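Student: The following block contains the structure, expressed as structure tokens.
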Amino acid sequence: MTSHSQDLPDHPLLRGLNEAQQRAVTTVDGPVLVVAGPGSGKTRVLVHRIAWLLEECAVLPEQILAVTFTNKASREMRDRIERLLGGRTLSGMVMGTFHAFGARLLRQNPGLVADRLGLLPNFLIYDDADQMDLAKRAVLAVGLDPKLVAPRRMLSRISAAKGVLLSPDEFAAAAETYDDEVVARVFREYQRSLRKANAVDFDDLLALPLALFDGAPGLLAIYQQRFRHVMVDEYQDTNRVQYILVSALAERHRNLFVVGDPDQSIYGWRQADIRNILDFGQDFPDATRIDLELNYRSSRRIVETADRVIRENTQRIDRRLRTENDEGAPIVLRELADGGHEARFVVDEIRRLTQHGGRSGDDVAVMYRTGAQSRVLEEAFRVSDIPYRIVGGVRFYERKEVKDVLAVLRLLHNPADEVSLERAIGNLPIGRGIGPKALDAVRHWAAATGETVLDGFVALAPAAASATAPDLSGTARSAGMKLGTVFWKLREAAAEKALPELFDLVVDLTGYAAAFDHNDEEEMQRWANVLELRSDLEKYGVLPPAEQLPTYLEQVALVSDVDAMEDDGRGRVTLITLHSAKGLEFPVVFIAGVEEGLLPINRAVEAEWGDPLPMEEERRLFYVGITRAEQLLYLTYAAGRAVYGRFQPAVASRFLAQVPEMHLQTLGRRAPTREGGRSSSLADRARGGGSPGWTVSPAPVPDRGEPTRRFAAGERVFHAKFGEGEVVEATERRDGDQELAIAFQRHGQKRLMASFANLEPIP
DNA sequence: GAATGCATGGTTTTT
DNA sequence: CCATGCATTC
């Protein structure tokens with residue numbers, strides 16, 4: 001156990017760090033948990049710590065494994081370490097996402113992977129859309145109707161199962177309900193066809209390395225020996241498999257350093273297990289815990305608001321976020337009539353800030369809960385003169401025209417990829433004339449010969465001079481021959497041509513290039529996307545020819561939208577989901593759609609009674625959004641919104657009730673509605689109550705008919721959500737209501753309004 | 001087998 | 001509203 005901070009208080013690598021940060025940097029032995037609030041300099045700590053290990057502790061780059069949440073984060077971290085160490089080489093240091101690390105591990109051990117897992121070295125990583133295709137085919141294959149058994153739901157059940165390392169057999173054995181059995185059947189079929197396609201999904205990238213270690217303990221020992229220091233960022237969003245993976249890797253040297261913030265855990269739906277961080281001390285009893293609570297990012301008003309909002313949650317480590325920053329500007333709240341007005345307000349306000357407020361567009365981000373909200377916002381930006389970029393939305397690599405071309409490239413790399421084959425046949429001109437019947441015949445041939453389906457088509461090509469060929473006749477045969485010939489030619493080209501030239505041949509020979517109507521503006525945009533793919537490919541020319549295509553395909557599968565986000569100096573405003581915004585920061589942040597049903601999302605509202613956890617996750621999401629802002633924060637919501645093209649009235653989010661009135665500036669009047677006088681809108685009620693702010697929780701509308709019972713301190717009460725509790729304090733309010741502080745047995749102390757809480761006295 | 005037109009249902013969040 | 005899937009028609 002050595003701590004250098006006492007010996008070297010003024011080391012260059014520690015200069016400018018506060019005491020807690022210095023401890024985090026210099027505590028290099030044993031397990032360490034850093035609980036880092038937003039803006040508390042955790043990236044700085046990670047960067048300095050790695051530099052410290054290399055400079056002061058004689059650790060070699062290849063002995064370090066650092067796992068980040070996005071590739072962008074790891075890129076930035078690597079850059080910063082390099083800058084800090086002035087050009088010292090970091091080669092050998094492993095830094096990237098869990099998924100990238102898993103993929104790399106599998107790629108580095110092709111022999112074992114083939115032996116133990118039955119995957120050939122050219123295996124592909126299936127993305128979300130591929131997984132959907134596969135799940136749907138699995139549903140059909142087990143004789144079920146995809147309309148009744150939603151493939152998406154199957155996929156999420158399968159993912160959840162894989163997230164706790166269950167095989168299809170184990171899942172089937174544990175099935176309790178009929179629905180579980182259905183899932184089990186689909187799961188088994190899904191996994192079978194995934195392997196048959198020589199492909200893995202995202203969950204496999206985490207689970208298969210563990211499976212490999214199980215079957216080959218020697219391999220695990222090599223990695224355990226190598227990684228003297230294992231670091232994990234955004235630890236609150238790791239799932240059980242990721243936890244097991246890092247614990248296994250760090251087992252020998254026991255230098256596991258994790259950084260996270262339980263209050264920013266927003267991936268519960270992806271099996272992220274908040275227990276990983278909450279129970280770290282139990283899992284590693286000798287762990288050092290370091291808290292970073294001082295926020296350097298945001299104004300005091302923003303920090304206090306965030307702190308006040310998150311304190312409502314019951315499932316958290318009690319701590320207080322603080323800052324020494326200036327008070328800053330008030331948080332702006334604005335109600336608009338609908339989504340369109342909201343979008344225009346945002347755009348107008350940004351125009352004002354950029355034209356008269358000295359802001360640049362890239363200082364600004366607009367955040368929202370659901371991807372669907374980006375549509376109206378984008379519309380408003382498009383008609384404005386303000387440049388913008390959307391992070392997320394329809395991903396580049398998921399665009400139909402891009403996926404079509406990628407399908408061919410993937411087939412050239414992995415001929416077993418039937419999802420891509422079907423896609424190519426269905427969407428490219430070269431697939432014309434090949435229907436289900438023809439495909440079936442080729443499948444039969446493939447099953448009989450042990451070849452792939454694609455090879456069945458190639459066998460039809462005269463040039464291939466194959467001894468056997470699928471039994472086809474008539475138009476199907478000639479169509480199959482054409483397809484086979486194209487792939488036969490493309491394979492030859494793939495062996496000798498650089499990627500951009502291969503691309504040219506692909507779009508040419510498959511007839512895809514000719515299929516775009518040059519007079520149609522939309523089609524030209526799609527063609528432009530296809531061409532963007534080509535310029536993408538040009539970057540891979542520096543690699544050895546045999547590695548170009550595989551490296552590219554791997555990159556396509558593992559790159560995220562945030563990763564691809566770059567500052568191009570054009571001053572673009574960022575439109576981004578709250579989830580994607582985690583880890584980012586902007587001087588100016590707008591959070592749009594702060595409404596019941598949206599933030600919190602409907603599902604969480606519906607689940608609330610039976611399960612309060614989703615609601616708490618929604619609140620964390622709001623918290624993440626607030627804490628992205630450095631100086632200016634705008635919160636907007638609409639009195640109504642088009643859902644599925646139908647107008648739905650909306651109510652301000654309950655979360656707004658926690659925004660301290662003293663930090664709030666409410667802008668403008670509410671747009672006129674046709675509802676007449678009575679409205680449950682928060683703004684209306686606040687005005688009606690005579691005080692210009694938020695004093696009451698807006699969620700449930702009080703039943704005016706019943707007189708509210710009065711409560712006194714010491715009285716025992718029952719609450720539908722929080723259960724039994726005791727009134728600690730009862731304060732009379734001017735409006736005749738009571739403000740109660742109640743200590744609940746299971747959920748801690750809460751402040752509730754008597755008229756809203758619906759409390760039952762317990763005698 | 002392909003093109004066209006109608007019906008239906010789907011929106012959390014992503015590596 | 002929009003994307004997808006199915007039925008109808010050629």
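Throughout, read-outs are computed from the coordinates displayed, never taken from laboratory work. Owing to the predicted nature of the structure, the values given are computational and were not obtained by experimental measurement. Here the Cβ positions follow ideal geometry from the backbone for every residue, glycine too, while neighbour counts run over all protein chains shown.
Student: Give me the lysines in straight-line cross-link reach of A:LYS72: C-alpha distance below 16 Å, same-chain residues under 8 apart excluded.
Tutor: Result set, ordered by chain and number: A:LYS42, A:LYS582.
Student: Name the long-range amide H neighbours of A:ASN295: under 5 Å, sequence gap of 5 or more, or other chain; modelled H, no Pro or chain starts.
Tutor: A:ARG322, A:THR323, A:GLU324
Student: Let me ask another. If r is the Cβ-Cβ distance from A:GLN225 to A:ASP568 and R0 is 41 Å, what FRET efficiency results, to the nearest 0.05?
Tutor: Working: r = 43 Å, r/R0 = 1.06.
Rounded to the nearest 0.05, the efficiency is 0.40.
Student: Could I have the simple spin-label model distance between A:ARG153 and A:ASN18, label points 7 Å from Cα toward Cβ, reported in nm to one decimal?
Tutor: Reported label-point gap for A:ARG153 and A:ASN18 is 4.8 nm.
Student: Between 0 and 90 degrees, rounded to the nearest ten: what's the tilt of helix A:373-383 against the longest Cα principal axis of chain A?
Tutor: With both axes taken from Cα atoms, the answer is about 90 degrees.
Student: Read phi for every residue in the stretch A:30-39 and hand back ³J(HN,Hα) as whole Hz from Karplus 6.51 cos²θ - 1.76 cosθ + 1.60, θ = phi - 60°, with x for Gly and Pro.
Tutor: Each residue's phi maps through the Karplus curve to give x, x, 9, 10, 9, 8, 10, x, x, x Hz.
Student: Now for a different question. In nm, to one decimal, how far is the A:ARG603 label point from the A:TYR296 one, both placed 7 Å along Cα→Cβ?
Tutor: 3.7 nm
Student: Looking at the stretch A:183-274, I'd like the Rg to Rh ratio, where Rg is from alpha-carbon atoms and Rh is Kirkwood's inverse mean 1/r. Could the numbers behind the result be given before it?
Tutor: Numbers: Rg = 15.5 Å, Rh = 14.9 Å.
Result: Rg/Rh = 1.04.
Student: Please work out the Cα center distance from the stretch A:504-532 to the stretch A:68-119, rounded to the nearest Å.
Tutor: 35 Å
Student: Suppose a student asked you for the relative contact order of the stretch A:119-265, using Cα pairs under 8 Å spaced at least 6 residues apart; what percent would you report?
Tutor: Reported as a whole number, the value is 24 percent.
Student: Additional query: Round to the nearest 0.05 the FRET efficiency obtained for A:ASN529 and A:MET662 when R0 = 51 Å and r is the Cβ-Cβ distance. Intermediate results must be reported in sequence, preceding the final value.
Tutor: Working: r = 49 Å, r/R0 = 0.97.
About 0.55, to the nearest 0.05.
Student: Could you list, bin by bin from short to long, the percent of Cα-Cα pairs of the stretch A:17-91 in 10 Å steps?
Tutor: 17, 56, 26, 0
Student: Return the calculated 222 nm mean residue ellipticity for chain A, to the nearest 500 deg cm²/dmol, obtained by summing -39500 (n - 2.57) across DSSP H runs with n ≥ 4 and dividing by the residue count.
Tutor: It comes out at -13000 deg cm²/dmol, rounded to the nearest 500.
Student: Tell me, in nm to one decimal, what length is gained between A:VAL643 and A:ARG375 on full extension, where the rule is 0.36 nm per residue of separation less the Cα-Cα distance? Write out the running numbers ahead of the final one.
Tutor: Working: separation 268, 0.36 × 268 = 96.48 nm, distance 1.20 nm.
Length difference between fully extended and current span is 95.3 nm.
Student: Which lysines does A:LYS489 reach when only Cα atoms under 17 Å apart count, and residues fewer than 8 places away in its own chain are ignored?
Tutor: In chain and number order, the partners are A:LYS497.
Student: Right, next: Rg and Dmax of chain A over Cα atoms: what are they, in angstrom?
Tutor: Every Cα atom of chain A included, Rg and Dmax give 28.8, 93 Å.
Student: By how many nm would the segment from A:MET132 to A:ARG382 lengthen if fully extended, with 0.36 nm per residue of separation less the alpha-carbon distance?
Tutor: Details: separation 250, 0.36 × 250 = 90.00 nm, distance 3.17 nm.
Here the answer is 86.8 nm.
Student: I've got another one for you. Near the amide H of A:VAL643, under 5 Å away, which other amide H atoms are found, from residues 5 or more places off or on another chain, if H is placed in the peptide plane?
Tutor: Placed amide hydrogens put A:GLN648 under 5 Å from A:VAL643.
Student: Additional query: Pop out the ³J(HN,Hα) list for the stretch A:84-95 in order, Karplus 6.51 cos²θ - 1.76 cosθ + 1.60 with θ = phi - 60°, rounded to Hz; leave Gly and Pro as x.
Tutor: 5, 9, x, x, 4, 6, 10, 4, x, 6, 9, 9
Student: What's the ranking of A:357-365, A:518-526 by average number of surrounding C-beta atoms within 10 Å, highest first? Before the final figure, lay out the partial values.
Tutor: Working: A:357-365: 18.0, A:518-526: 10.8.
So the peptides A:357-365, A:518-526, ranked by packing, come out A:357-365, A:518-526.
Student: Continuing with the same structure: So how strong a dipole does chain A carry about its Cα centre when Lys and Arg Cβ are +1 and Asp and Glu Cβ are -1, to the nearest 20 debye?
Tutor: Details: 95 positive and 110 negative charges, 121 e Å.
Dipole about the Cα centre, nearest 20: 580 debye.
Student: Mind listing the long-range amide H neighbours of A:GLU715? Cut-off is under 5 Å, sequence gap 5 or more, other chains count too, H placed in the peptide plane at 1.01 Å from N.
Tutor: A:VAL727
Student: Apply the Kirkwood formula to the stretch A:392-484: the hydrodynamic radius equals the inverse of the mean of 1/r over all pairs of different alpha-carbon atoms; give it in Å with one decimal.
Tutor: Values: mean 1/r = 0.0736 Å⁻¹.
Hydrodynamic radius (Kirkwood, Cα pairs) of the stretch A:392-484 is 13.6 Å.
Student: Viscosity 1.567 mPa s, temperature 4 °C: Stokes-Einstein D of the stretch A:157-199 from its Kirkwood Cα radius, in µm² per second? Don't jump to the answer; show the numbers that get you there.
Tutor: Details: Rh = 10.3 Å.
So the translational diffusion coefficient is about 125 µm²/s.
Student: Continuing with the same structure: Quick check: net charge around A:ARG628, other residues with Cβ under 9 Å of its Cβ, Lys/Arg +1 and Asp/Glu -1?
Tutor: Details: positive: A:ARG297, A:LYS582; negative: A:GLU585, A:GLU630.
Net charge in that neighbourhood comes out at 0.
Student: Got a sec to turn the phi values of the stretch A:210-218 into Karplus ³J(HN,Hα) couplings, 6.51 cos²θ - 1.76 cosθ + 1.60 with θ = phi - 60°, whole Hz, x for Gly and Pro?
Tutor: For the stretch A:210-218, the Karplus curve yields 5, 4, 5, 4, 4, x, 9, x, x Hz.
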